[in-house]
Each structure stands twice: as structure tokens, then as C-alpha cells.
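Read through the structure below, which is laid out as C-alpha cells, and then see the notes.
We did not get these values from a lab; they are worked out from the coordinates using the rules stated. The structure presented is a predicted model; accordingly, all values stated were derived computationally and were not measured. Ideal geometry is used to build each Cβ from the backbone, glycine not excepted, and the neighbour counts take in all protein chains shown.
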Amino acid sequence: MDYSKAIKELNLMQQAYATFFTVTNKLQTLGDSYFDGLTARQYMVMLAIAHLPEDETTLVNIAKKLGTTKQSANQLLANLESKGYLTAISSKLDKRAKNMKITESGKNVMLEYSEKGIEFFADIFNDFTCEELETLWCLLQKLYQFDGEEQSGFEEDVNDKFADLAGLQEAQMRALEKFALRRSHSSDHNSGKEHTSKNELKGRD
């Protein structure tokens with residue numbers, strides 16, 4: 001029996017997992033450097049809360065949204081609550097449970113870090129085309145579902161939850177303009193590299 005295909009697939013799986021593991025750690029470390037005073041994981045916790053219905057922001061749902069354990073999520077929530085960014089309120093659906101609510105201070109810090117987050121995304125995905133980003137997202141969603149569980153994503157528009165923040169629209173437009181300019185330059189750069197690669201291939205022929 002020829003095992004060459006199986007060996008190749010196993011090697012690819014090992015390399016893909018090792019790369020995914022190291023990339024995750026690298027991105028978290030880099031994200032921490034962008035979010036001074038707030039770690040990337042803490043920011044994602046607040047983002048998860050913002051993307052959940054206000055009466056469903058329990059520990060269980062937050063942990064599920066993040067794909068982590070309740071113990072890990074609870075530590076992050078306690079830290080954010082001590083900073084004054086979150087507060088616990090009684091659940092209207094289950095009196096035994098607590099819902100986590102983002103405070104005004106938390107909303108303000110999220111607004112501040114959302115601008116830094118856009119800069120972070122522009123940096124790490126600088127060499128990705130729109131098509132490559134779509135492919136990457138689809139493959140990551142497929143990987144998440146390895147055990148049959150679908151991801152509870154972050155696609156919802158949550159701007160209405162921050163509508164009362166002063167300067168929200170101005171900050172969003174400022175960040176979007178910078179991002180659009182960065183992506184425009186990135187697109188030109190990638191097109192140039194693609195053109196160079198094609199010319200090199202023609203030269204070899």
C-alpha cells in the first residue's frame with residue numbers, strides 16, 4: 001500500500017497546526033503592544049459582550065462566543081470589572097445568572113482602541129488582497145467547525161449600542177479614511193508585486 005499521500009497530508013496538518021499556533025501567539029503579543037493598558041484578549045472579551053444581546057451576556061455565552069473555557073473567561077471578566085470597564089447586573093431571564101454590561105468608561109476605551117484596532121488590522125493584513133481575506137476567513141470558519149459546532153461570529157453591527165458616545169461618528173470616519181488610504185496603497189503594492197512575478201515567469205520561459 002502506498003502511504004505517500006497519507007504522509008504528505010499528515011505533514012501538512014502538522015505544519016498547519018504548528019503555524020496556526022505560533023501565528024496566534026504572535027498576533028496576541030503584537031495586539032497587546034497596540035492596546036496599551038488593555039490586552040488583546042481583554043478587548044476581545046468586551047467585543048464579544050457588545051456582539052451578544054444585552055440580556056444574554058452571561059459568563060457561559062461570553063465563553064462560548066470566544067471559544068474558551070468559563071474559567072478563562074471569568075478571569076478576564078474579573079480583571080475588566082476591576083478596571084471599571086464592566087459591571088455585573090442580575091439577569092432578567094435567569095435570576096441565578098449575571099449579565100455583564102459595558103460601562104461608560106468601557107465604551108470610551110473601546111472607542112479609543114477601535115481606532116488602534118483598525119491600524120492593527122491594516123498592518124497585519126497589509127499584503128492580503130480582498131479575495132485572500134475572504135478565503136482565509138472561510139478556511140478559519142471551516143477549521144472552527146471540526147467538531148460540528150458552528151462559530152458564533154462577530155458580523156453584527158453594534159454601533160447602536162455606542163450611539164450615545166460623543167465623537168463616535170467622527171472617530172469612525174477618521175479611522176476609516178486612514179484605513180481606506182492604507183488599503184489603497186497596499187493594493188497598488190500587491191499589484192506591482194504580481195506584475196513583477198509574471199514578468200519573471202515570462203523571462204524564465
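A few remarks follow.
- Cα pair count fraction exceeding 16 Å, expressed as % - region 33-152: 66 percent
- Label separation (residue 56 vs residue 105): 3.0 nm, computed from points 7 Å beyond Cα along the C-beta direction.
- Residue 23 versus residue 187: modelled label distance in nm, points set 7 Å from Cα along the beta carbon direction: 2.3 nm
- Förster-model FRET efficiency, 35 Å R0, residue 161 and residue 95, C-beta, rounded to 0.05: 0.90
- Dimensionless Rg over Rh [region 1-58; C-alpha; Kirkwood]: 1.30
- Charge dipole (Cα centre; +1 on Lys/Arg Cβ, -1 on Asp/Glu Cβ; no other charges) of the chain amounts to roughly 580 debye.
- Per residue, the average separation of C-alpha pairs within less than 8 Å and at least 6 apart gives region 1-118 a relative contact order of 22 percent.
- Within the chain, the selection of entire DSSP H helices by a Cα span of 27 Å or greater along the long axis and an average Kyte-Doolittle value of at least -1.0 returns 4-34, 104-124.
- Cross-link pairs exceeding 27 Å in C-alpha to C-alpha distance, out of 8/65; 64/101; 5/64, comprise 8/65; 5/64.
- Among 36, 157, 127, the residue with the largest mean-square fluctuation in a Gaussian network model of the chain, with springs joining Cα atoms closer than 10 Å, is 157.
- Of the residues 126, 167, 97, the one whose Cα sits farthest towards the positive end of the charge dipole of the chain is 97 (charges of +1 on Lys and Arg Cβ, -1 on Asp and Glu Cβ, taken about the Cα centre).
- Candidates 25, 61, 11: whichever shows maximal mean-square fluctuation once the chain is modelled as a Gaussian network with Cα springs under 10 Å: 11
- Packing-based exposure ordering (other Cβ within 10 Å, fewest first) of 124, 7: 7, 124
- A Gaussian network model of the chain, with springs between Cα atoms under 10 Å, assigns the largest mean-square fluctuation among 70, 101, 92 to 92.
- Theoretical FRET efficiency, 1/(1+(r/R0)^6), r = Cβ-Cβ of residue 16 and residue 127, R0 22 Å, to 0.05: 0.70
- Shown is the FRET efficiency for residue 138 and residue 3, computed with R0 = 35 Å from the Cβ-Cβ distance and rounded to the nearest 0.05: 0.70.
- Long-range tail of P(r) for the chain (Cα pairs > 22 Å, %): 62 percent
- Kirkwood Rh in Å, taken over all unlike Cα pairs in region 83-125: 12.2 Å
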